[in-house]
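Read the structure below first, then the notes.
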Amino acid sequence: MKICIYGAGAIGGYLAVMLKAGGAEVSLIARGPHLRAIQQNGLRLVKEGEEIVQHMAASSDPREFGPQDYVIVALKAHQAWEAAEQMVPLLGPHTAVVTAQNGIPWWYFYGLGSKFDDMRLESVDPGGRQWNVIGPQRAIGATVYPATEITEPGVVRHIYGNQFGLGEPDRSDSERVKRLAAAMEAGGLTPRFYDDIRNDIWIKLWGNLCFNPISALTGATLDVVATDPGTRALARNMMLEAQGIGEKFGATFRVDVERRISGAAGVGAHRTSMLQDVDKGRPIELDALLTSVQEMGRLAGIETPFIDSVLGLAQQMGRVKGLYPTFPKEHPAKQRMAS
């Protein structure tokens, strides 16, 4: 089984080592010092006090690897959009593309079975770039639960968790998902199949859409955001708005709001990914986590005053710091044609 990890960062690197250990033929798309370290010394995973080293093909050029059975996209949403055309050499007639990003995926309305079938979300896929280049029929939905970090180029530290959610956008019980799940299990990962992966996407997103921007705006850690009366109430209202939108499009929520917030509080003094990005001057992943929910609210005719307010503040903060918007206003091809 040939699997290319497109974006061998913290999660992508963890997946690569574990899948290679399970017997898959794994290749990596990476860049910069991280890529050079992998090429020279292999990819090192520090897990439970032990170091696992795996040597595998790694490059910044997908043309070196050719068509794959699976491409696991472990980039952030805006990076995945930018890289769509670059993935084409990896795509054969039966290649599946696993979207391992946070937030609402670009294929969300494919196979939904409603009047919104095949609707494109401009907030996460401007111009339908991924929809047209990759194709929603290739997509396998995924949710990512492990916590990992890059401690130095070529070295990934596993903090906790090994569970991944998997599911087909059309809700089918497909052989390609079963084969991928088997490869993950062989490597010591815990895949969980969902009849409708969108439900798990919403549960994961439910916290991210409020905790991330609130923490980025305030500098507060997750335990503070989830327990301070003011920010907890704000998070709760944002989540209720999002739940109404998700349910409008057929999603179900297996836990209630208070339990979800209390679970986040129990994680402790965690600095959310968006707060870390702000601290390090990296583009914030706001559109997939929050703008997409606002866009779906507009489609559903649901008002979202709390989401709108926090999104507006986070967008302005990002612009002031030069960290937003993360998508160009026009498709690069259109920009080239106009120049």
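The values are calculated or read from the model by the stated rules, or taken from the named source; none is laboratory data. Predicted model, so just to flag it, every value in this text is computed and none were measured. Neighbour counts are summed over all protein chains in view; Cβ atoms, including those assigned to glycine, are modelled from backbone coordinates with ideal geometry.
Contact list please: Cβ distance under 6 Å, first residue in the range 54-74 and outside the structural domain of A8 (by TED's automatic domain parsing), second residue buried (at least 18 other Cβ atoms within 10 Å of the Cβ), pairs at least six apart or on different chains.
Cβ pairs passing all conditions: none.
Can you pull out the residues in the range 19-44 that are assigned to a loop (DSSP other than H, G, I, E, B), surrounded by 17 or more Cβ atoms within 10 Å (Cβ to Cβ) and touching a Ser or Thr at 6+ places or on another chain (Cβ under 8 Å)?
Listed by number, the list holds a single entry, A30.
Taking the residues in the range 245-273 that are surrounded by fewer than 17 Cβ atoms within 10 Å (Cβ to Cβ) and of a type in the set (S, T, Y) as candidates, determine which candidate is farthest from the chain's Cα centre (by Cα).
Taking the candidates together, the pick is S262.
Of the residues G312, G301, which is on the phi > 0 side of the Ramachandran plot and either modelled with pLDDT of 95 or more or over 18 Å from the mean Cα position of the chain (by Cα) (or both)?
On inspection, the qualifying residue turns out to be G301.
Assess whether T231 counts as being farther than 25 Å from Y14 by Cα and not acidic (D, E). Can you show your working first?
Details: farther than 25 Å from Y14 by Cα: yes; not acidic (D, E): yes.
Yes: the conditions hold for T231.
Just for the range 84-102: of the residues that are modelled with pLDDT of 95 or more and in a loop (DSSP other than H, G, I, E, B), which one is surrounded by the most Cβ atoms within 10 Å (Cβ to Cβ)? Talk me through it step by step, then tell me what you get.
First pass over the range 84-102, keeping only residues modelled with pLDDT of 95 or more: 84-100.
Next, from what is left, pick out any that are in a loop (DSSP other than H, G, I, E, B): 84, 100.
On the way: A84: 18, A100: 24.
Looking at residues that are modelled with pLDDT of 95 or more and in a loop (DSSP other than H, G, I, E, B), I get A100.
The rows are residues; the columns are (1) among the aromatic types (F, W, Y); (2) surrounded by fewer than 23 Cβ atoms within 10 Å (Cβ to Cβ); (3) touching a Cys at 6+ places or on another chain (Cβ under 9 Å).
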site	(1), (2), (3)
W206	yes, no, no
I214	no, no, no
T218	no, yes, no
D223	no, yes, no
T227	no, yes, no
N237	no, yes, yes
Q243	no, yes, no
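I'm trying to understand the selection: among the residues of the range 113-141, which are in a helix (DSSP H, G or I) and either buried (at least 21 other Cβ atoms within 10 Å of the Cβ) or in contact (Cβ under 8 Å) with a residue 24 or more places away in the chain (or both)?
The initial filter retains those residues of the range 113-141 that are in a helix (DSSP H, G or I), namely 126-133, 136-138.
P126, G127, R129, Q130, W131, V133, P136, Q137, R138, listed by residue number.
For the range 151-204, how many residues are surrounded by 14 or more Cβ atoms within 10 Å (Cβ to Cβ), more than 21 Å from A24 (Cα to Cα) and among the hydroxyl-bearing types (S, T, Y)?
1
Suppose the filter is among the charged types (D, E, K, R) and either closer than 30 Å to H270 by Cβ or in contact with a strand residue (DSSP E or B) (Cβ under 7 Å, 6 or more places away or on another chain) (or both); does R138 pass it? So that I can check it myself, show each step before the final result.
Numbers: among the charged types (D, E, K, R): yes; either closer than 30 Å to H270 by Cβ or in contact with a strand residue (DSSP E or B) (Cβ under 7 Å, 6 or more places away or on another chain) (or both): yes.
It is true that R138 is among the charged types (D, E, K, R) and either closer than 30 Å to H270 by Cβ or in contact with a strand residue (DSSP E or B) (Cβ under 7 Å, 6 or more places away or on another chain) (or both).
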